[in-house]
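To start, the structure under review is shown below, and the notes come after it.
The values are calculated or read from the model by the stated rules, or taken from the named source; none is laboratory data. Quantities reported herein were computed from a predicted structural model and do not represent experimental measurements. Heads up, the Cβs are rebuilt from the backbone with ideal geometry, glycines too, and the neighbour counts pull from every protein chain shown. Heavy atoms of the whole protein, side chains included, go into the accessibility calculation; ligands, DNA and RNA do not. Shrake-Rupley method; radii C 1.70, N 1.55, O 1.52, S 1.80 Å.
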Amino acid sequence: MQLMIANLDRIRLGYDEAGRGNGPPVLFLHGFPHNRGLWSAQLASLSAQSHCIALDLRGFGESSVAPPYSMDQYADDVAAFMDKLGIDRAIICGLSMGGYVAFAMWRRHQQRVHALILADTRATPDSEEGREKRRSMAQLARDRGSVAVADAMMPSMIGERTRESAPHVVNAVYRILTSANVAGIVGALDAMRERPDSTPTLATIDVLTLIIVGEDDVLTPIADAESMHRAIYGSRLQVIGRAGHVSNMERPAAFNHVLGEFLSVVRHT
Ligand code: MLT
């Protein structure tokens with residue numbers, strides 16, 4: 001995949017693009033502390049039927065490491081990116097933190113959202129204890145770098161059964177996590193800590209929505225996905241068996257299958 005760069009007003013965003021197709025492209029938003037590489041199996045497979053774009057949020061991958069950091073800012077960056085590429089509407093697919101950005105997209109740039117895919121994410125904000133953990137993680141990043149953050153996150157990032165059965169997935173996720181930039185990590189931790197409650201947003205969503213969750217996800221468990229499913233009218237819920245938080249990397253064929261089915265529904269609706 002050839003790295004592409006979009007130069008926006010103040011920052012640049014790295015992205016991968018694959019496939020063609022009529023209608024709105026699928027815009028993939030990665031989680032924390034990942035980068036667009038999280039989505040390589042989706043681009044490889046789904047580009048046969050859809051125009052797919054995976055971008056690096058600011059502070060990650062090949063994008064500028066530049067404040068400010070907030071969910072609103074990430075969403076505004078995505079909208080500016082769409083302007084730059086001449087994309088009017090997109091199917092927004094966000095995993096975990098990418099889902100938090102998708103909610104901000106819906107609040108701020110609703111007319112740009114054609115459909116939503118919310119993978120291994122949740123609508124609720126951080127608890128006070130969760131906020132405190134973000135502060136400690138930021139301190140860990142500043143003191144000991146991205147490898148220490150990766151080591152701290154890996155046990156919950158990947159499902160237990162994947163850890164036992166698929167070392168190549170563990171290695172691929174670890175490579176992404178350890179390559180993250182410390183300032184980008186700290187910025188994203190601040191942004192996640194301060195993110196608003198998206199629960200009231202759910203009832204306002206009136207585009208086709210697919211919710212996906214790994215059966216073994218301990219960071220954003222099935223109960224979070226079920227709450228979103230109940231609150232988003234007409235949404236679909238798909239559980240990916242034997243997968244944890246990065247369900248798209250852990251069981252790519254199963255993930256791509258449910259995503260592909262949803263994309264054909266979106267295309268024919
Ligand atoms: C992610 O995968 O984006 C993060 O685990 C989300 C979070 O920590 O809330």
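Data for the structure
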quantity	calculated
Å² of accessible area per residue within segment 50-152, as computed with a 1.4 Å probe and no ligands counted	36
Distance-filtered residues of segment 92-121 - backbone nitrogen under 15 Å, label point 7 angstrom along Arg236 Cα→Cβ	92-93, 115-119
Calculated from backbone phi, Karplus (6.51, -1.76, 1.60) coupling profile of segment 96-106 in Hz, x at Gly/Pro	6, 4, x, x, 4, 5, 4, 4, 5, 4, 5
Neighbour cut-off at most 12 other Cβ (10 Å), DSSP loop, trypsin sites (Lys or Arg not before Pro), segment 1-108	Arg10, Arg20
Gained length - Glu62 relative to Thr269, 0.36 nm times residue gap less alpha-carbon distance	71.0 nm
Placed amide H near His114: partners under 5 Å, 5+ positions off or other chain	Ala90, Ile91, Ile92
Percentage relative contact order, segment 38-144, counting C-alpha pairs under 8 Å, at least six apart	19
HN-Hα J in Hz across segment 112-118 - Karplus 6.51, -1.76, 1.60, θ = phi - 60°, x for Gly and Pro	8, 9, 8, 7, 10, 10, 10
Mean ellipticity per residue at 222 nm, deg cm²/dmol - from DSSP H runs of n ≥ 4 across the chain, formula -39500 (n - 2.57)	-14500 deg cm²/dmol
Percent accessible area from carbon and sulfur atoms, the chain, protein chains only, probe 1.4 Å	49
Theoretical gain in end-to-end length, Ser179 to Val147 [0.36 nm per residue, Cα-Cα removed]	10.7 nm
In order through segment 159-166: 3J(HN,Hα) via Karplus (6.51 cos²θ - 1.76 cosθ + 1.60), integer Hz, x for Gly, Pro	x, 4, 5, 5, 4, 7, 10, 9
Rounded to 5, the percent of DSSP beta bridges in the chain classed as antiparallel	25
Sites His257 and Asp206, calculated FRET efficiency, Cβ-Cβ separation with R0 25 Å, nearest 0.05	0.45
Selected from Ala188, Ala41, Ala75 as most flexible by GNM, with the chain as the system and alpha-carbon contacts under 10 Å	Ala41
Contact order relative to length of segment 4-267, as percent, for alpha carbon pairs under 8 angstrom and 6 or more apart	20
Gyration tensor verdict on segment 130-269 (Cα atoms; rounded if a/c is under 1.5, prolate if a/b is larger than b/c, oblate otherwise)	oblate
